Amino acid sequence: MSNPQVLHIISSSGLYGAERVLLNQLSVDTGVEAAVLCLGVESGNKNPFVAALTKLNIDVILEKGKGGTADAYRALRHAICTLRPDVIHCHGYKETILGCIAGLLFQKRVIVTQHGFTNRTRKIKWYNQLATWCCRLFAVEKIICVSDSILKYYQDQKIDPQRLLLLPNAIHLPSSEPERVKGDVFSFERGENELLIGFIGRLSSEKGPDRFLEMISKLSKETARFKAIVVGGGPLIRELEAWVTKAGLSEKIVFCGFREDVEDIIRCLDILVMPSRTEGTPMVLLEAMALRVSVAAFSVGGIPAVVQHGQNGMLAPDGDIDMLASHVMSLMNDAGLRDRLGESASQCIAEHYNICRQGSLLASLYRKEGAYAG
């Protein structure tokens, strides 16, 4: 198969982890023709993911209707009949269920990327279980797992090992030597000797923004020489802002909202904190490490496969906020440690998480070449 047509299905509420993963993959020129069916985005809505796809000249199909499952399937059926793709590539539990059904009815190859599990509600947990059932019983060609923990989950679910592929996320490497951004990135004042500690991610439970605030509260009792930023939007925003106000930390913690200039923000940071409860292979983690920013994280999901404690970052056991705060304090007190970990982190990303290599591998998978032939 020389130039297969791939139809990606993904839900989008903004430009977050899964969307950024797909965007990076589509930005690599491999000769594969691609289109994206975007669920949950109303026509005319200024969705940054859709805007980024348009800049790449990727065909985007938006779901019509009220956004229910029936509307999503009708949009998928229309896309298949119009584009006649060779492969349906599903990103998410709802997308996997729909893709498996459509693959069976229209005799299409189906590939699934599992970016992570959230289980935020009973409904989502049920959908995840149904998607796993579909992967087990329907003719899904490959399930791409972005971390060892996701791979193990599918192994425990008795999925055929030949259908599982471990493929951590990857990024474009910096085009120049990492350096501080000069200019006005933030609207707030920052003291000359204040270090900048950041959280970047969706403000939802699985990403642990509440844990970040608790850690910052502990740090503020030990030292005043830092400013903390929370970058991102999500359902917990009002609750988190109220917590900060009640804790008297409004001068210490700044909510920046959703930002598209993530790379510029990362370049401003001294320390990135990853307090997630669950993760795949976080894009912001890879991007920060590539830019030589020191990272302190909980050891969850795919994070410990990337971060080696004391070598290219700092790890704390899941939920141990005291230890995470201690690691951040160590980084704050030792500029040499920050530089050493940052340099090692950058080398790690360059060697193992280059999107160009991943793009070539995915193209071979779509074409059924090499190890994926037959």
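The values are calculated or read from the model by the stated rules, or taken from the named source; none is laboratory data. Source: prediction; values computed, not measured. Don't worry about glycine lacking a Cβ; one is built from the backbone with ideal geometry, like all the others, and counts go over all protein chains shown.
Numbers for the structure displayed
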item: Condition check for residue 34: in a helix (DSSP H, G or I), touching a residue at least 24 places away in the same chain (Cβ under 8 Å) and buried (at least 16 other Cβ atoms within 10 Å of the Cβ); result: no
item: All positions within segment 308-327 that are within 27 Å of residue 170 (Cβ to Cβ) and assigned to a helix (DSSP H, G or I); result: 324, 327
item: Of all residues making up segment 304-318, the number that are over 23 Å from residue 336 (Cα atoms) and buried (at least 21 other Cβ atoms within 10 Å of the Cβ); result: 0
item: Of all residues making up segment 320-340, the number that are among the charged types (D, E, K, R) and farther than 15 Å from residue 216 by Cα; result: 4
item: Failed condition for residue 85, given (1) more than 25 Å from the chain's Cα centre (by Cα); (2) buried (at least 18 other Cβ atoms within 10 Å of the Cβ); (3) in a helix (DSSP H, G or I); result: (3)
item: Residue list for segment 239-294, restricted to those being acidic (Asp, Glu) and more than 15 Å from the chain's Cα centre (by Cα); result: 239, 241, 251, 261, 264, 270
item: One residue from 143, 124 being farther than 27 Å from residue 81 by Cβ, without any contact (Cβ under 8 Å) to a residue 40 or more places away in the chain and within 23 Å of the chain's Cα centre (by Cα); result: 124
item: Checking residue 305 against (1) part of a loop (DSSP other than H, G, I, E, B); (2) out of contact with any Gly (no Cβ under 9 Å at 6 or more places or on another chain), the condition it does not meet; result: (1)
item: Positions within segment 127-140 being of a type in the set (S, T, N, Q) and touching a residue at least 12 places away in the same chain (Cβ under 8 Å), in sequence order; result: 128, 132
item: Residues satisfying the stated conditions in segment 146-162, i.e. without any contact (Cβ under 8 Å) to a residue 24 or more places away in the chain and either out of contact with any strand residue (DSSP E or B) (no Cβ under 8 Å at 6 or more places or on another chain) or under 17 Å from residue 88 (Cα atoms) (or both); result: 152, 156, 158, 160, 161, 162
item: Conditions (1) surrounded by fewer than 21 Cβ atoms within 10 Å (Cβ to Cβ); (2) touching a residue at least 40 places away in the same chain (Cβ under 8 Å); number of the one not met by residue 61; result: (2)
item: Condition met for residue 130 (within 23 Å of the chain's Cα centre (by Cα), buried (at least 20 other Cβ atoms within 10 Å of the Cβ) and closer than 19 Å to residue 39 by Cβ); result: no
item: Residue under evaluation residue 19, criteria (1) part of a strand (DSSP E or B); (2) of a type outside the set (Val, Ile, Thr); (3) in contact with a Ser or Thr (Cβ under 9 Å, 6 or more places away or on another chain), criterion not met; result: (1)
item: Qualifying position, being touching a residue at least 24 places away in the same chain (Cβ under 8 Å) and not assigned by TED's automatic domain parsing to the domain that holds residue 268, among 324, 337, 331, 365; result: 365
item: Selection count, segment 233-262, where residues are touching a residue at least 60 places away in the same chain (Cβ under 8 Å), within 24 Å of residue 19 (Cα to Cα) and surrounded by 13 or more Cβ atoms within 10 Å (Cβ to Cβ); result: 4
